[in-house]
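Engineer: The structure's right below; bear with me while I get my questions together.
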Amino acid sequence: MLTSILFLSAIFSTARSCPKHDNYQSHPHLGRRQVRIDVGRELKDWDYDHSADWATIRPEYALCQSGTHQSPINIAGQELAVTHTPDFEGYKNEPVPGNFANWQFAPSFTLHHPEGEITGLPNLKFDGQEVFLIGWHIHAPSEHLVDGRRSRAEIHMVHVNEEDEEAVVVGIRVNVAPPGTPTESAFIKQLGPLIHFNDTSQIEGLHVNVRQAIDEVGGLAEYWTYKGSLTTPPCTEGLRWFIPRQELLVSEGQMVEILAASRFSHRVPQEVWLHDINL
Ligand SMILES: [Zn+2]
C-alpha cells in the first residue's frame, strides 16, 4: 500500500506535487490514527522565478517550451462547455484517509490506497472513461486565468487512468468570499492547521472529504474543459483539464492561512494553440 503511494509520488513528484517520500516509513496504525513524521524533502531543480525557461534546465523538460497544448492558460471569452461532461457520482460524500503535507510550495494531500489497486479511490467519469483521484495540491496565486483575471489560489485535483497515468486535473480557483458574506469553506476547514512550505513533516491518516471541494463549486455544473499538460516540469501533455466556472470561496481568515502556508507557485500563462477548448 505504502509502496504504491511512494511509487506514484516518485514518478509524479512535481506534477502531483507530492513531497518526496524517500524516508517514508510504514506505520502499523496507518488509517486508524494520525501520525506526524518528518519525511524530508528533495529540492526541485526548477523554480517559479524562471517558469518561462524550464526547457533549458534539462532535455527532459523540452515540452515546457515546445509543447502544443501547455497549461495553464487564460480562458478568455469562452462560453461554458457542454462536452466531456464530468460525473462526480463516484466521489462519495465521506472522509477518505491520506497524507497531508506541503509540496514545497503549498499544502497537498495524497490519498491512501492498497498497493496496485486504485479503483477504490474517488472516481470521475467522462466520455465513457473512468479516472481516479490520487491527490490534490494548492498553487498560490492561481495558475489559470479567466478573462485575464487571476484568483488568489487554485486547487489541482489530480486523477489517473487505470494504467496509473495522469489523465485529468480539475483546477478549482479559490478566492475570498465577497464582503458581507462570511463564507467559510468546509473543505478547507476540515484540514485543520495547514502545513507551512518550510515544514517537511507529513500528517499520515488525515481523513478528508474531497467531495466537499466539488460541491463548493456547484458540482461542476458549469465548467470549461481543454486538452492541456502538467503545469510543472516535465510538462507532459495529453491531460484533460476541467475548470469549474465557480470559484471555491473561503473566508478572509482561511485565505490568509492558505497564503501564509504557501509560496509563489504559478507558471507563466501559455499561449492557446491546440488546446481545443470546450471541443
Ligand atoms: Zn498543480
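Engineer: From Ala76, Ala62, which residue is touching a helix residue (DSSP H, G or I) at 6+ places or on another chain (Cβ under 7 Å), modelled with pLDDT of 95 or more and of a type in the set (Gly, Ala, Ser)?
Structural biologist: Unique residue meeting the criteria: Ala62.
Engineer: Taking the residues in the range 217-236 that are surrounded by fewer than 22 Cβ atoms within 10 Å (Cβ to Cβ) and more than 16 Å from the ligand (Cβ to nearest atom) as candidates, determine which candidate is farthest from Glu89 (Cα to Cα).
Structural biologist: Per the stated criteria, the residue is Lys227.
Engineer: Checking the conditions here, which among Val210, Val158 is within 21 Å of Ile75 (Cα to Cα), in contact (Cβ under 8 Å) with a residue 60 or more places away in the chain and either within 16 Å of the chain's Cα centre (by Cα) or surrounded by 17 or more Cβ atoms within 10 Å (Cβ to Cβ) (or both)?
Structural biologist: Sole residue among the options that is within 21 Å of Ile75 (Cα to Cα), in contact (Cβ under 8 Å) with a residue 60 or more places away in the chain and either within 16 Å of the chain's Cα centre (by Cα) or surrounded by 17 or more Cβ atoms within 10 Å (Cβ to Cβ) (or both): Val158.
Engineer: Hey, another quick one. For the range 199-224, give me each residue that is part of a strand (DSSP E or B), touching a Pro at 6+ places or on another chain (Cβ under 8 Å) and of a type in the set (Val, Ile, Thr).
Structural biologist: Val208 - this is the single residue of the range 199-224 that is part of a strand (DSSP E or B), touching a Pro at 6+ places or on another chain (Cβ under 8 Å) and of a type in the set (Val, Ile, Thr).
Engineer: Another one. Which numbered condition in (1) out of contact with any His (no Cβ under 8 Å at 6 or more places or on another chain); (2) surrounded by 24 or more Cβ atoms within 10 Å (Cβ to Cβ) is the only one that Leu145 fails?
Structural biologist: (2)
Engineer: Separate question: Examine the range 129-138 for a residue that is of a type in the set (Gly, Ala, Ser) and either more than 16 Å from the ligand (Cβ to nearest atom) or within 23 Å of Ile75 (Cβ to Cβ) (or both), and state whether such a residue exists.
Structural biologist: No, because not a single residue in the range 129-138 is of a type in the set (Gly, Ala, Ser) and either more than 16 Å from the ligand (Cβ to nearest atom) or within 23 Å of Ile75 (Cβ to Cβ) (or both).
Engineer: Please go through the range 221-237 and pick out each residue that is of a type outside the set (Ser, Thr, Tyr) and in contact (Cβ under 8 Å) with a residue 24 or more places away in the chain.
Structural biologist: Residues satisfying the conditions are Glu222, Trp224, Lys227, Gly228, Leu230, Pro233, Pro234, Cys235, Glu237.
Engineer: Kindly indicate the residue of the range 167-202 that is closer than 19 Å to Leu220 by Cβ and within 16 Å of the ligand (Cβ to nearest atom) and also surrounded by the fewest Cβ atoms within 10 Å (Cβ to Cβ) among those meeting that condition.
Structural biologist: Ala167
Engineer: Then there's this: For the range 80-96, indicate whether the set of residues that are among the small types (Gly, Ala, Ser) and either modelled with pLDDT under 95 or under 20 Å from Phe132 (Cβ atoms) (or both) is non-empty.
Structural biologist: Yes, the range 80-96 has at least one match.
So that you can scan it fast, the table gives a plain yes or no per residue for (1) over 14 Å from the mean Cα position of the chain (by Cα); (2) modelled with pLDDT under 95; (3) more than 14 Å from the ligand (Cβ to nearest atom):
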site	(1), (2), (3)
Gly238	yes, no, yes
Trp241	no, no, no
Arg245	yes, no, yes
Leu248	no, no, yes
Leu259	yes, no, yes
Phe264	yes, no, no
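Engineer: Considering (1) part of a loop (DSSP other than H, G, I, E, B); (2) away from the ligand (no atom under 16 Å from the Cβ), say which one Pro269 fails and leave the rest.
Structural biologist: Of (1) part of a loop (DSSP other than H, G, I, E, B); (2) away from the ligand (no atom under 16 Å from the Cβ), only one is false for Pro269: (2).
Engineer: Is the range 156-165 home to any residue that is more than 15 Å from the ligand (Cβ to nearest atom), among the hydrophobic types (A, V, I, L, M, F, W, C) and closer than 21 Å to Leu248 by Cβ?
Structural biologist: No, the range 156-165 contains no residue that is more than 15 Å from the ligand (Cβ to nearest atom), among the hydrophobic types (A, V, I, L, M, F, W, C) and closer than 21 Å to Leu248 by Cβ.
The values are calculated or read from the model by the stated rules, or taken from the named source; none is laboratory data. Note that the structure is a prediction, hence the values are computed from the model and not measured. Cβ atoms come from the backbone with ideal geometry, glycine included; neighbour counts cover every protein chain shown.
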